[in-house]
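> Just passing along the structure, written as structure tokens.
The values are calculated or read from the model by the stated rules, or taken from the named source; none is laboratory data. Everything quoted here is computed from the prediction, not taken from an experiment. Here Cβ is always computed from backbone atoms with ideal geometry, including for glycine, and neighbour counts include all displayed protein chains. These area figures cover heavy atoms from the full protein model, side chains too; ligands, DNA and RNA do not enter into them. Shrake-Rupley method; radii C 1.70, N 1.55, O 1.52, S 1.80 Å.
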Amino acid sequence: FGVGPLSMTSASVSMADSDTARRAQLQVVKYLTSVTAAVAAEVVTFPADLIKTRLQIQGSGQAGKTSFGVVGMIGDLLKTEGVRGLFGGLTASCQRHFIYSGARMSMYETIREDVFGRNADGSFPLWKSVLAGMTCGACAQFMATPCDGVKVQMQMEGQRRSQGLPTRFTGTLDAYRHLAKGGLPGLWRGAIPSCQRAAMVQLGDLTTYDFAKQKTVKVLGDTVACHFVCSMAAGFSGAFFACPADVIKSRVMSQDPTNPVYKGSLDCLKQTVSKEGVLALWKGFLPAWARCGPWSLVFFLSFEQLRKATGQAGYC
């Protein structure tokens, strides 16, 4: 018995549909792998992010007149808000990574493999990695801006309570409602500085990790030791490049929308440098590094192991 053209066509369509379904399933697994690793890293390192944010806002006229260093800020926070205060805004932060980290990691891999493409020897040029990392960071952050705005607002609520000021929100959902009153501009307030920061973070984080792993894997192999070395390098680089944009983002996003201190990110930059000097752009660098180093470590170690457990190849 022969096989007719119609049967052959149906079989081809079925195989194509099956292949499409497998690809879609793999993309979902990759996305969830990124999100899971990011949430784990966020929970472990969130207190350092909160301290960093409050240090960055000092001097902006939004955080009271008392000025603290890292140790003083930690002591004051524990004294006035308790251990629970170290995790103010964690819910919104985790919600952000369901969008941000899932998108940035998936987008970077797609751009690297399917858009820019690797060299014939399998390497990925540094300049392509820089462009891919910054593009993915900015695009993913734009999508996650409302979550980031709520996180920053919630991080400041505990400090308002400790200063005897009335709280602005009853919880995370109420903070979203409050920002939504301003429509899309309200939800995406601070999008420009936050996207700038994300682009710089990924310039340091993803680009450094990818480049470092291409070199380190030749010596250590695709092992935990390799992931450890590369993630620590990525953490330092990400913190250094992102700090100026992070200061601007924190100040713009934390201000009261009904009585803003800054007209925008450029105005914030001008006021910060003119009043506090250039080094003010690196306020909070130590806690930022203290967070970015462990964050990258927990994230990439978890991420690589989760990829291995789910049958995926190493990330770089």
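> Can I get the semi-axes of the stretch 242-299's equivalent ellipsoid? Compute them from the C-alpha gyration tensor as square roots of 5 times the eigenvalues, in angstrom, largest first.
After scaling each eigenvalue by five and taking roots: 25, 14, 8 Å.
> Also, quick follow-up: How far apart, in nm, are the 7 Å Cα→Cβ label points at residue 168 and residue 76?
1.9
> Can you give the translational diffusion coefficient of the chain in µm²/s, computed by Stokes-Einstein from the Kirkwood radius over Cα pairs at 25 °C and 0.890 mPa s?
118
> At 1.4 Å probe size, with every protein chain present, just tell me what the per residue accessible area of the chain comes to in Å².
Heavy-atom SASA per residue in the chain reads 47 Å².
> Moving on. Work out, step by step, the length gained on full extension between residue 160 and residue 310: first 0.36 nm times the residue separation, then minus their alpha carbon distance; give nm to one decimal.
Gain in length upon complete extension: 49.6 nm.
> Ratio of Rg to Rh for the stretch 123-195, alpha carbon only, Kirkwood?
When Rh is taken as the Kirkwood radius, the ratio is 1.17.
> Something else now. Please report, as a whole percent, how much of the solvent-accessible surface of the stretch 99-208 comes from carbon and sulfur atoms (probe radius 1.4 Å).
In the stretch 99-208, the share of accessible area belonging to carbon and sulfur is 66 percent.
> At 10 °C and 1.306 mPa s, grab the translational diffusion coefficient of the stretch 160-293 from Stokes-Einstein with a Kirkwood Rh over Cα pairs, rounded to a whole number in µm² per second.
Diffusion coefficient, whole number: 93 µm²/s.
> How far, in nm, would the chain grow between residue 278 and residue 263 when pulled straight, counting 0.36 nm per residue and subtracting the alpha carbon separation?
So the chain would gain 3.4 nm between residue 278 and residue 263.
> With a length cut of 24 Å (Cα positions projected on each helix's long axis) and a Kyte-Doolittle mean of at least -1.0, go through the chain and give me the DSSP H helices that pass.
5-57, 90-110, 126-162, 224-254, 285-309
> Which length gain, in nm to one decimal place, applies between residue 256 and residue 219 when the Cα-Cα distance is subtracted from 0.36 nm times their residue separation?
8.2 nm
> Over the stretch 71-230, with a single point scatterer placed on each C-alpha, what log10 of the ratio I(q)/I(0) does the Debye formula yield at q = 0.10, 0.12, 0.14, 0.15 1/Å?
After summing over all Cα pairs, the log10 values are -0.51, -0.68, -0.83, -0.89.
> Please work out the FRET efficiency for the pair residue 84 and residue 27, using the Cβ-Cβ distance as r and a Förster radius of 30 Å; give the result to the nearest 0.05.
After rounding to 0.05, the efficiency reads 0.20.
> Right, something else. Along the Cα→Cβ direction, 7 angstrom out, place labels at residue 113 and residue 17. What is the inter-label distance in nm?
Reported label-point gap for residue 113 and residue 17 is 2.5 nm.
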